[in-house]
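The values are calculated or read from the model by the stated rules, or taken from the named source; none is laboratory data. As the structure is a computational prediction, the values presented were derived from the model and not from experiment. Every residue, glycine as well, gets a Cβ built from its backbone with ideal geometry; the counts of neighbours run over all protein chains shown. Remember, those area values only see protein heavy atoms, side chains included, never the ligands or the DNA or RNA. Shrake-Rupley method; radii C 1.70, N 1.55, O 1.52, S 1.80 Å.
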Amino acid sequence: MSNNDDSQNGNVGIPGLPKTWAVVVQLVGTFGLAVFLVLYYLLVMQPKEAERYDELRQTVMSLAEVIAGQQSLISREQSSHLEDLFVMAMTHDVADLIVVELRGNSSADKLARKIEDKLIYQTRLLEGLRRKGGGSISEMLTHKIRNSGISYKIAQRALKEWENASRDVIGEGCRGELQFTIKRAAMAK
């Protein structure tokens, strides 16, 4: 008779346990531990993990947006225009350097090193700009300057042709050499 009274009162499992634990005990007793663990995973653990995964995905997406916001992605055409602007900006600086070094009777190697140092140092102005699907603009330009030997070509030309030339003539010659070399390096890719 006590069994009938318990089932009529709604008490299941071990008396005195909270209702959730009483249900757990009844499930394990009736269907076994394996069934209980499967149900627990499906009803409790899996939704929590899915929620945690969604939070993690949102965090990664927001982090990617922040990172993309701090870098300016530019097209190939814009990259080419930036290289042209770099050449135009550096023309007069390199011409000034050549004028000073020619007065000091600098050697071709010394002049070439100074020109290369000046060009590479100024590529830092392009840091933070990246080409879509490519690398950093400043790194690409540095690579072109180093691997093309442009500094040595300009130094050789300065010693042969520009010894008594005006700053403007030297500047035009530098611009032509820089533009030709940088564009040729871009075509080689």
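Rundown of residues vs (1) surrounded by 10 or more Cβ atoms within 10 Å (Cβ to Cβ); (2) of a type in the set (Gly, Ala, Ser); (3) modelled with pLDDT of 75 or more, yes/no style:
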{"site": "ASP6", "(1), (2), (3)": "yes, no, no"}
{"site": "GLY32", "(1), (2), (3)": "yes, yes, yes"}
{"site": "VAL38", "(1), (2), (3)": "yes, no, yes"}
{"site": "GLU49", "(1), (2), (3)": "yes, no, yes"}
{"site": "TYR53", "(1), (2), (3)": "yes, no, yes"}
{"site": "GLN58", "(1), (2), (3)": "yes, no, yes"}
{"site": "SER72", "(1), (2), (3)": "yes, yes, no"}
Do any residues in region 31-42 that are under 15 Å from TRP21 (Cβ atoms) have Cβ atoms under 6 Å from those of residues that are in a helix (DSSP H, G or I), where the two are at least six apart or on different chains, and which pairs are they?
PHE36/LEU27; PHE36/VAL28
Single condition SER106 does not satisfy, out of (1) touching a strand residue (DSSP E or B) at 6+ places or on another chain (Cβ under 9 Å); (2) modelled with pLDDT under 85:
(1)
For region 81-117, the count of residues that are in a helix (DSSP H, G or I) and open to solvent by 70 Å² or more (accessible area, probe 1.4 Å) equals 11
Testing TYR121 on (1) under 19 Å from HIS92 (Cβ atoms); (2) aromatic (Phe, Trp, Tyr); (3) in contact (Cβ under 8 Å) with a residue 12 or more places away in the chain, one condition comes back false. Which one is that?
(3)
Counted residues in region 124-139 being within 20 Å of MET88 (Cβ to Cβ) and free of Cβ contacts under 8 Å to residues at least 12 places away in the same chain come to 1
